[in-house]
1. Of the conditions (1) in a strand (DSSP E or B); (2) touching a residue at least 24 places away in the same chain (Cβ under 8 Å), Thr43 fails just one. Which one is it?
2. Residue check: is Ser185 modelled with pLDDT of 95 or more, surrounded by fewer than 20 Cβ atoms within 10 Å (Cβ to Cβ) and more than 16 Å from ligand 1 (Cβ to nearest atom)?
3. In the stretch 216-253, which residue that is within 16 Å of ligand 1 (Cβ to nearest atom) and among the charged types (D, E, K, R) is nearest to Ser185 (Cα to Cα)?
4. Tell me whether the stretch 55-65 contains one or more residues that are part of a strand (DSSP E or B), of a type outside the set (S, T, N, Q), within 16 Å of ligand 2 (Cβ to nearest atom) and within 19 Å of Ala166 (Cβ to Cβ).
5. Mind listing just one residue for me: the one in the stretch 188-197 that is surrounded by fewer than 21 Cβ atoms within 10 Å (Cβ to Cβ) and not polar (S, T, N, Q) and, of those, nearest to ligand 2 (Cβ to nearest atom)?
6. With respect to Leu171, determine if the residue is surrounded by fewer than 18 Cβ atoms within 10 Å (Cβ to Cβ) and over 27 Å from His35 (Cα atoms).
7. Hey, does the stretch 149-156 have a residue that's among the charged types (D, E, K, R) and surrounded by 17 or more Cβ atoms within 10 Å (Cβ to Cβ)?
8. Kindly list the number of the only condition in (1) of a type in the set (Phe, Trp, Tyr); (2) surrounded by 20 or more Cβ atoms within 10 Å (Cβ to Cβ); (3) farther than 19 Å from Phe103 by Cβ that fails for Phe180.
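The values are calculated or read from the model by the stated rules, or taken from the named source; none is laboratory data. Nothing here was measured: the structure is a model prediction, and the numbers come from that model. Don't worry about glycine lacking a Cβ; one is built from the backbone with ideal geometry, like all the others, and counts go over all protein chains shown.
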Amino acid sequence: MSSPITKTSSVLPPAPVDVPMVRLENVEKHYGPLHVLQNINLTIKPREVVVIIGPSGSGKSTLCRTINRLETIDSGVISVDGKELPAEGAALARLRAEVGMVFQSFNLFAHKTILENIMLAPTKVRKISRRQSEAEAMKLLERVGISTQAHKYPAELSGGQQQRAAIARALAMNPKVMLFDEPTSALDPEMVNEVLNVMTDLANEGMTMLVVTHEMGFARRAADRVVFMDQGQIVEQNTPVEFFDSPQTERARSFLSSVL
Ligand code: ADP
Ligand code: MG
């Protein structure tokens, strides 16, 4: 197993940092009486890795899902790469394609091979030729270390391999930002690192990422910023060193003492 990789300088040229890649302004959302997102303000700069942590039920998944409108919001503004999210239609589909998402449950199509899973969106949505899409899919499978599994069905792969396939599938659309919602929570412990290592590589390559995770080691070494949520609010955000070594609020201290 490879050792944890520290986030290092990327090979990419510097991106303009004045336009946030993701921006949420005064976002509010209710589920009936439950105020699940309360005045959320969050920006993610190009190439930044932001890790969201917090207790179960604090609104982390809901927040992630609003960013590509898998969930509606009651008020506020969400923009991706400077463009406000349209409510529906072709413009929304285009914007969604710029946001890759990886879920706790791998969500691969069971009756399609790994290769077909990855080729699906590029050929159907982007209208890329099968030949080109297959070549690109194979490169992505190599990148996540499972090219030998290309012609297997999801059920024939381990959980860690399936999640790496799901990451490759999201990358196939060339997203500008990747959202990960507890990508390792459904995995057996011995498979967690193979997925975290792929994510660390992506971060080092300069991908803009929002990651919800309970893996505090990953947060410490890969995050540029840690955002702590509790009961629908962003309670604290800071660099990982500051957050883990000197949390500012009692809520963060008590959460950390329960998980560390
Ligand atoms: P987290 O990901 O931090 O565990 P979630 O965003 O999944 O939290 O959920 C936040 C709160 O919203 C929880 O209390 C949850 O039960 C509630 N919730 C989530 N989805 C729905 C929904 N579709 N309808 C009603 N309540 C929901
Ligand atoms: Mg969740």
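1. The number of the failed condition is (2).
2. Taking the combined requirement at face value, the residue does not satisfy it.
3. Within the stretch 216-253, the match that is nearest to Ser185 (Cα to Cα) is Asp230.
4. No, the stretch 55-65 contains no residue that is part of a strand (DSSP E or B), of a type outside the set (S, T, N, Q), within 16 Å of ligand 2 (Cβ to nearest atom) and within 19 Å of Ala166 (Cβ to Cβ).
5. Taking the candidates together, the pick is Val192.
6. No.
7. No.
8. Phe180 satisfies every listed condition except (3).
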